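What follows is one structure encoded as structure tokens, with my remarks underneath.
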Amino acid sequence: MNVAAQPNVLVISNRFDFSTDYVCAQLKLKSVRYLRLNTDQFTELAISYDPNRGVLSVRKDAFQFYLNPNDIDAVFFRAATYLRGDKGLDPHNALSKQHWQSFVIGLMSFGRRWINHPTNVYMAENKMNQLRHAAQSGFKLPETFVGNDPRVLGDLTSATSGRVATKGLDTLFYRTKEEIGFGYTEVQDASEVASSSWAELPFIVQEALEDKIDIRATIVGDQIFAVKIVDKATGTGIDGDWRREKERVSYQPTQLPANVKTHCLALMKSLGLFYGAIDLASIGEDYYFLEINPTGEWGWLMNCTEFPISETIANWLKGDKD
Amino acid sequence: MSVSDHVVIKQIITFPIPASPMIPGGFTYSFVDGMWVDSETNQPLVQTAHMRDPESKKNDVETGEDQKGE
């Protein structure tokens with residue numbers, strides 16, 4: 001049995017999260033002692049936690065790791081904080097997944113520093129909560145209502161376009177045995193929205209932002225890596241949800257105005273996050289906050305921007321910069 | 001009207017269940033290194049030309065830009 005050197009960094013992810021691979025490659029390069037636990041591979045491991053001593057034993061094949069909470073300095077957390085719509089599982093497998101989820105939450109006793117702590121991720125993912133924090137951090141928001149009261153449409157309809165944007169309060173995602181369902185942000189005529197049903201679930205309805213440029217600002221600590229997302233052919237912004245047009249967009253590094261940077265960092269501090277992916281929309285000189293994702297992807301930015309995001313994360317996990 | 005007529009439910013798009021992410025031949029997941037590596041050289045997949053341009057979605061599943069840790 002090979003007893004591995006005591007890790008100082010714990011990584012909680014899943015094996016197909018390649019963003020985590022980028023960070024682990026940096027950790028290895030920097031000779032950091034780390035252990036990556038993938039939520040989709042727990043059943044391949046032999047795991048035992050001793051709450052009296054606080055020690056976690058993880059064994060796979062000929063390898064044995066002991067995690068002592070006093071030695072785990074930092075945790076890189078890339079797992080879900082709660083399960084969403086996994087209806088494809090039979091009840092017993094669903095129970096298995098639920099109990100491993102509980103185990104992951106139990107790992108909160110490890111690590112002095114987290115990217116990001118699960119309780120902060122849980123709160124920050126909530127769009128109502130993050131919108132309020134964004135407003136309090138100084139960000140401009142589109143006129144927004146959350147709920148199921150159709151009377152708000154009158155306050156929202158753009159004077160110029162008569163259109164509004166609608167999106168789920170939570171991720172609009174479900175899975176059955178046969179298919180996956182996903183909902184993007186939709187920009188449509190207010191009359192279409194008015195004729196639909198409202199009562200059954202709360203959602204977000206906002207003034208439509210016309211002629212916008214989408215911006216993704218990836219925050220790591222106090223460093224901000226921002227790109228504009230524009231039509232490759234024309235250099236103009238994308239109407240509606242740019243994720244539906246990925247084949248025709250390009251990502252151009254950009255600098256944010258000083259006040260917007262201040263708002264970004266204030267929001268991160270307010271939500272207790274070290275890492276976050278913030279979506280903004282710029283119209284002329286105005287920048288609007290749309291949403292923040294505390295577990296957002298960044299690997300897609302690396303090839304076109306050379307942003308050292310993975311290295312910056314690894315440096316913080318190592319303890320080079322707090 | 002039913003829940004299916006709801007504003008945001010109506011805008012849901014369905015996709016077939018995707019296959020698991022394709023890993024190039026010759027690469028395996030290393031528990032010790034905590035990443036996918038070349039089976040022969042141990043070089044990280046993400047540092048090779050075999051690594052496709054990372055998508056904005058986790059596990060290449062189309063759920064928008066981020067799959068919120070699923």
Next on the checklist: What's the number of the only condition in (1) closer than 26 Å to A:Trp298 by Cβ; (2) in contact with a His (Cβ under 8 Å, 6 or more places away or on another chain) that A:Glu200 fails to meet?
Outcome noted: (1)
Checklist entry - Would a scan of the stretch A:220-237 turn up a residue that is more than 12 Å from every other protein chain (Cβ to nearest Cβ) and acidic (Asp, Glu)? => result yes
Next on the checklist: Of the residues A:Leu301, A:Leu280, only one is away from every other protein chain (no Cβ under 12 Å) and among the aliphatic types (A, V, I, L, M); which?
Outcome noted: A:Leu280
Item to check | Pair list, Cβ under 6 Å, 6 or more apart: the stretch A:243-260 residue more than 14 Å from every other protein chain (Cβ to nearest Cβ), other residue surrounded by 13 or more Cβ atoms within 10 Å (Cβ to Cβ) and of a type in the set (Lys, Arg) | outcome: A:Gln252/A:Lys228; A:Thr254/A:Lys228
Item to check | Residue that is in a strand (DSSP E or B), closer than 28 Å to A:Asn293 by Cβ and at pLDDT 85 or above, where the choices are A:Phe76, A:Phe65 | outcome: A:Phe76
Item to check | Qualifying positions in the stretch A:164-186 - at pLDDT below 90, farther than 24 Å from A:Met123 by Cα and buried (at least 20 other Cβ atoms within 10 Å of the Cβ) | outcome: A:Ile180
Checklist entry - With the stretch A:132-238 as the region, which strands (runs of 3 or more DSSP E) entirely inside it contain at least 2 residues that are within 25 Å of B:Ile9 (Cβ to Cβ)? => result A:144-147, A:163-168, A:173-175, A:179-183, A:186-189, A:203-207
Next on the checklist: Residue under question is A:Asn116, and the condition is that it be surrounded by 14 or more Cβ atoms within 10 Å (Cβ to Cβ) and touching a residue at least 60 places away in the same chain (Cβ under 8 Å); does it hold?
Outcome noted: yes
Item to check | Complete set of residues in the stretch A:4-42 that are of a type in the set (Val, Ile, Thr) and without any contact (Cβ under 8 Å) to a residue 60 or more places away in the chain | outcome: A:Thr20
Next on the checklist: If I ask for residues that are loosely packed, with under 12 Cβ neighbours inside 10 Å and in contact (Cβ under 8 Å) with a residue 12 or more places away in the chain, which ones from the stretch A:47-69 would you list?
Outcome noted: A:Ala62
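The values are calculated or read from the model by the stated rules, or taken from the named source; none is laboratory data. As the structure is a prediction and not an experimental result, all values here were calculated from the model. We place every Cβ from the backbone using ideal geometry, glycine too, and count neighbours over all the protein chains shown.
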